[in-house]
Amino acid sequence: MKSIGKLLLLLCVSVALAQAQTPRHAPDIPTFPRTPGGPQIPHVQLRSQAPRALAVAALKTPAGVTPAACLEPTASLCGYIPVPLDRKHPNGAQIQIYFELYPHTSGGPAESAILVNFGGPGLATAALERDFAQFLFAPNLDVHDLLLIDNRGTGLSTAIDCEELQHGTVGFAQSEIDCAAQLGAAASRYATGDVAEDVEAVRVVLGYDKVDYFGASNGGADATAYAARYGEHLRAVVLDAPFSTPGANELLRLHFRTHADPRMVRLDCLRSFLCSADQRDPDDTLEDLIEHIQRHPVEGDSHDASGNPVHVRVDEDALLNFVVTYPAGAFVNTGEILAAAKALKNGDPAPLLRLDAEGAFTLVGDSGDPTINSAGDFYANGCMDAIEPWDWSQPVSERMEQYDDAVEDLPLDYYAPFSKAAPTGILFSTLGRQCFWWQRPTPPSPIVPPHANFTHAPTLVLDGDLDNRVPYEETNEVAELFPNNTNIIVAEAGHETVGWTQCARNLVAQFIENLQPGDTSCASTPETVWPAVGRFPNLVEDARPAKIDSSGTNQIRHAERKTVSVALATAFDALQRSLIGSGSGVGLRGGTFQTVFSGATSFATTTLTNCSFATDLIVNGTLSWGYDNSIVADFTVSGPGTAGGSLHVTGFWENPGPVGNFSVTGTLGGKHVAVLVPEA
C-alpha cells in the first residue's frame, strides 16, 4: 500500500503536469498539497478486515461491454460501452465510454459500486485518479466495488483532440473557433447532463442496482446531474467542493470567488504564528495592496520557482490571476501576499515580483496528451454547462457587447476588493469570456433539468474554509438541493478537502460505510497550519528576533536572534520554492538552492549555496525534511548582518497538530545559541 504522502504527491504531479501544460487555469481543477508523511488509512470500523488481493480474477464480461486490458492488477474488468453521441438520435453516431472496475474483497455480491470523479473538465478520471481513489475508499472496499468512468470526451472515452487548441499552435480565439467547427453539431453534446446519461448506461450494463457517487469539484456537477435524474439508484452521495449550483450564472460565480479571496488570505495568516504576529489586519493590508497596484502597477525582473529569469508587470489583472487566485502548493503564495504587500509599501517590490513570476500563465500553450487533459473537452463541457449573460444565437461581436453590458449593470463593489475589470477579464472569467468563440448548435443537456426531483439518499457535502475556487457560499447552495444533506466546512482545507485533511478522508469513508459521518468535530479545528510569512526583511535588523529557549544555554543577544530568524526563513523559503518548482532555484536576494526528493532517509533534502533572504545575510548548508515531517538542518551564516557562525535546527514542518517551535542551537560570534522559532 502506498503511503498517503506518495499518493498525494502522485496526484499532485499528475495535475501539476496538466496545469503546467495547460495555459488556462480552471477554477475547479484539484490541487492537493505535497506532504512527505501523514496519516495512513482512515480509521473506520469495517465489517471485514480481509486484505485486498494483489491480483484478481477477471470477471465475466457482461453483454454490451467491449473488454480492454486493465492497466492495474487490482482491476477486475475494464472496457468500453457504446452510447449514442446524441440521445435524440439513438441510432446515429456512437461514442465509446471507458470504465475500470475494482472489486470488493469479501464474499458475496457488492453492496454498491462507488463512483468517483475528482473533477476537471477535460481530465481523465481513470489515469489520474485510480491510485488516490483506491486509497481514499480502501476502508470501504470490503463490500463495495470501485468504479471509475472517463467522461465522454476525456481519457479513453473518445477524448476530444483539437490540435490547435490542445497544443497552442495558433491564437486562442481561432483555435476555439476551429475546435467547435471540428465537432460541428456535436459541440453541444458534451455537457454534464449527457455525462449523467452515460453513467447510467454503464450502471445498467454492469448490473448495479445502487451506486455511491463521490463527486469533487467539477465532478460534483456529475454527481448532481445524476442525482437529479436517477436518484432511485443512489445509495449515498458525497460532494466535495461541488461545482454545480443550478441557476448560478458565470458573473455570480466570479462574485463568489473574489469574495472568498480575502477570507482565504486572512485565515491562512491568522492561523500562522509568524504571519499573525506581523499582520494585525489582513483585510486592510490586502485592500491597500490592490488599491496601490490599481494606481501604480509594478514592473521589474525576478525569477520563477525554478530559477528562470522573468520580467513581469504586476497590474490588477496579474495580481488577481497570478498572485491571489490560485494557491500554490500548501498556500505558498497565499501565505506571502500580505508580507509582500508590506514590503512593497516600504519600497521593496522583490517579493511581489517573485510571486507574479511564479504564478504567471498564458491563455495559449501546450496541454499535452489529450487523453490525459483534453483542452477541447474543457470548453465543450464547461461552456455548455455555464449560464452566460449572452444569447448564443448571436455572433461573437454581439456576445461580447452583451457580456460587457451585463458587467456594466453590476454594482461597483460586486467583485470587491477588486474592481469589476480584472474578475471579468479573459484570464479570470474562464467559463465566461473564454467561451465567446464556442458554439451551441443545439440546446445542451443541463446539469439539473427543469422540475428535477432530487434524491433523498443520504448526502454529505464538504468544503474547505480556504477554498476560493468553489467557495462554500456556492457549495451551500448545492447542498440545499439534497433533502437529506449533512453540510460540513473543514478548517484550513483548500479546494477538495480530501486532499488536505485526514479528517475529511475519515468523514467520507465513514459516510460511505454507515451512511452518516459520525463525529464531525475534527472539521472545526485546523489539522495542519500552513506556513506563512510575516515579513520580508531587507536587512537582518528588520526581522523579528527568535525567542530565547529557557531550557538551553543562550548567550546571543537581540541582534543575533534576528539572524537566526532570517537564516531559518532563508532555508524554508528555498524549500517552499522547491515544492512549487523544479527543485532548483535562486534565493530571494541571491544565491542558489537544490532539492532532491524521495531519498533513503528524507522526503526532501535542500542544499543552500550562498542563499540570501535578507541582503546582508548569506546562508550555506543543508535541510532535510523527513517522511515523518521532521526537520534536521545545519547551516553556516555569514555577511554584514551577523558575526557569523553555525546553526543546528530540529523540529517539524507542515506537521498535523498544534504548531510547535524549531529548536536552534550552535554558535554565533563565538557565543552559544539556544533559541526557538515558530514552525509556522
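One residue is enough: does region 362-383 have a residue meeting the conditions outside the structural domain of F243 (by TED's automatic domain parsing) and over 30 Å from P444 (Cβ atoms)? Lay out the reasoning, then the answer.
Going through region 362-383, the residues outside the structural domain of F243 (by TED's automatic domain parsing) turn out to be 362-383.
Now narrow it down to the ones that are over 30 Å from P444 (Cβ atoms): none.
No; the residues of region 362-383 include none that is outside the structural domain of F243 (by TED's automatic domain parsing) and over 30 Å from P444 (Cβ atoms).
Being crowded, with 24+ Cβ neighbours inside 10 Å and assigned to a strand (DSSP E or B) is the requirement here; does I114 meet it? Spell out how you get there, then give the answer.
Values: crowded, with 24+ Cβ neighbours inside 10 Å: yes; assigned to a strand (DSSP E or B): yes.
Yes, satisfied.
Do the conditions hold for L101, that is, is it assigned to a strand (DSSP E or B) and either assigned by TED's automatic domain parsing to the domain that holds A227 or under 26 Å from the mean Cα position of the chain (by Cα) (or both)?
Numbers: assigned to a strand (DSSP E or B): yes; either assigned by TED's automatic domain parsing to the domain that holds A227 or under 26 Å from the mean Cα position of the chain (by Cα) (or both): yes.
The answer is yes for L101.
Of the residues F511, F482, F454, which single one is more than 20 Å from the chain's Cα centre (by Cα) and not in a loop (DSSP other than H, G, I, E, B)? Break it down into steps so the answer makes sense when it comes.
On the way: F482 fails: not in a loop (DSSP other than H, G, I, E, B); F454 fails: not in a loop (DSSP other than H, G, I, E, B).
Answer to the selection: F511.
Filter region 616-641 down to residues that are among the polar types (S, T, N, Q) and over 25 Å from the mean Cα position of the chain (by Cα) and give me whichever is nearest to E654 (Cα to Cα). Lay out the reasoning, then the answer.
Initial filter on region 616-641 (among the polar types (S, T, N, Q)): 620, 622, 624, 629-630, 636, 638.
Remaining after also requiring over 25 Å from the mean Cα position of the chain (by Cα): 620, 622, 624, 636, 638.
Numbers: N620: 23, T622: 18, S624: 13, T636: 24, S638: 28 Å.
Among those residues, the one meeting the criterion is S624.
Identify the single condition in (1) within 29 Å of the chain's Cα centre (by Cα); (2) acidic (D, E); (3) surrounded by 15 or more Cβ atoms within 10 Å (Cβ to Cβ) that D348 does not satisfy, given that it satisfies every other one.
The single condition D348 does not satisfy is (1).
Can you tell me which residue within region 645-671, out of those that are in a loop (DSSP other than H, G, I, E, B) and in contact with a helix residue (DSSP H, G or I) (Cβ under 9 Å, 6 or more places away or on another chain), is farthest from A604 (Cα to Cα)? Spell out how you get there, then give the answer.
Within region 645-671, the first condition is being in a loop (DSSP other than H, G, I, E, B), and the residues that meet it are 653-660, 669-670.
Checking the rest, the ones that are also in contact with a helix residue (DSSP H, G or I) (Cβ under 9 Å, 6 or more places away or on another chain) come to 653, 656, 659, 669.
On the way: W653: 12, P656: 18, V659: 21, G669: 30 Å.
The selected residue is G669.
How many residues are in a loop (DSSP other than H, G, I, E, B), hydrophobic (A, V, I, L, M, F, W, C) and more than 21 Å from E654 (Cα to Cα) when one looks only at region 514-542?
The number of residues fulfilling the criteria is 2.
For region 305-351, what are the residues that are over 18 Å from C275 (Cα atoms), touching a residue at least 60 places away in the same chain (Cβ under 8 Å) and not charged (D, E, K, R)?
Residues satisfying the conditions are A305, S306, G307, L319, L320, N321, T325, Y326, A350.
If a residue must be buried (at least 21 other Cβ atoms within 10 Å of the Cβ), touching a residue at least 60 places away in the same chain (Cβ under 8 Å), of a type outside the set (G, A, S) and not in a loop (DSSP other than H, G, I, E, B), how many such residues does region 583-615 contain?
Selection size over region 583-615: 1.
Quick check on region 441-472: of everything there that is surrounded by fewer than 17 Cβ atoms within 10 Å (Cβ to Cβ), out of contact with any Pro (no Cβ under 6 Å at 6 or more places or on another chain) and in contact (Cβ under 8 Å) with a residue 24 or more places away in the chain, which residue is farthest from G184 (Cα to Cα)? Walk me through it before giving the result.
The initial filter retains those residues of region 441-472 that are surrounded by fewer than 17 Cβ atoms within 10 Å (Cβ to Cβ), namely 441-443, 449-451, 453, 456.
Cutting the leftovers down to out of contact with any Pro (no Cβ under 6 Å at 6 or more places or on another chain) gives us 441-443, 449-451, 453.
Applying the additional criterion that residues be in contact (Cβ under 8 Å) with a residue 24 or more places away in the chain yields 441-443, 449, 453.
Details: P441: 8, T442: 10, P443: 13, P449: 24, N453: 33 Å.
The residue in question is N453.
Output the residues belonging to region 616-638 that are surrounded by fewer than 21 Cβ atoms within 10 Å (Cβ to Cβ), free of Cβ contacts under 8 Å to residues at least 40 places away in the same chain and either among the charged types (D, E, K, R) or under 27 Å from R557 (Cβ atoms) (or both).
Quick first cut of region 616-638, residues surrounded by fewer than 21 Cβ atoms within 10 Å (Cβ to Cβ) only: 616, 620, 622, 624, 626-628, 630, 632, 634, 636, 638.
Checking which are free of Cβ contacts under 8 Å to residues at least 40 places away in the same chain leaves us with 620, 622, 624, 630, 632, 634, 636, 638.
Of everything in region 616-638, those that are surrounded by fewer than 21 Cβ atoms within 10 Å (Cβ to Cβ), free of Cβ contacts under 8 Å to residues at least 40 places away in the same chain and either among the charged types (D, E, K, R) or under 27 Å from R557 (Cβ atoms) (or both) turn out to be N620, V632, D634, T636, S638.
Tell me whether region 298-308 contains one or more residues that are in a loop (DSSP other than H, G, I, E, B) and either more than 21 Å from the chain's Cα centre (by Cα) or modelled with pLDDT under 95 (or both).
At the first step, the residues of region 298-308 found to be in a loop (DSSP other than H, G, I, E, B) are 304-308.
Checking the rest, the ones that are also either more than 21 Å from the chain's Cα centre (by Cα) or modelled with pLDDT under 95 (or both) come to 307-308.
Looking for residues that are in a loop (DSSP other than H, G, I, E, B) and either more than 21 Å from the chain's Cα centre (by Cα) or modelled with pLDDT under 95 (or both), one finds at least one in region 298-308, hence yes.
Name, by its number, the condition in (1) surrounded by fewer than 24 Cβ atoms within 10 Å (Cβ to Cβ); (2) within 15 Å of the chain's Cα centre (by Cα); (3) assigned to a helix (DSSP H, G or I); (4) not polar (S, T, N, Q) that does not hold for V498.
So V498 meets the others, but not (1).
Applying the selection to region 390-409, what residues are surrounded by fewer than 17 Cβ atoms within 10 Å (Cβ to Cβ) and not in a helix (DSSP H, G or I)?
Scanning region 390-409 gives D391, W392, S393, Q394, P395, D409.
So that you can scan it fast, the table gives a plain yes or no per residue for (1) at pLDDT 95 or above; (2) under 28 Å from E111 (Cβ atoms); (3) of a type in the set (K, R); (4) within 30 Å of the chain's Cα centre (by Cα):
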residue: G37; (1), (2), (3), (4): no, no, no, yes
residue: S48; (1), (2), (3), (4): no, yes, no, no
residue: L54; (1), (2), (3), (4): no, yes, no, no
residue: L71; (1), (2), (3), (4): no, yes, no, yes
residue: I97; (1), (2), (3), (4): yes, yes, no, yes
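For every residue, the table says whether it meets (1) surrounded by fewer than 22 Cβ atoms within 10 Å (Cβ to Cβ); (2) of a type in the set (D, E, K, R); (3) within 20 Å of A386 (Cα to Cα); (4) over 23 Å from the mean Cα position of the chain (by Cα).
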| site | (1), (2), (3), (4) |
| --- | --- |
| V143 | yes, no, no, yes |
| N151 | no, no, yes, no |
| I160 | no, no, yes, yes |
| Q166 | no, no, no, no |
| G171 | yes, no, no, yes |
| I177 | yes, no, yes, yes |
| A186 | yes, no, yes, yes |
| D194 | no, yes, yes, yes |
| V199 | no, no, no, yes |
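The values are calculated or read from the model by the stated rules, or taken from the named source; none is laboratory data. Worth saying up front: this structure is predicted, and the values here are computed from it rather than measured. Cβ: placed from backbone, ideal geometry, glycine included. Neighbour counts: every protein chain shown.
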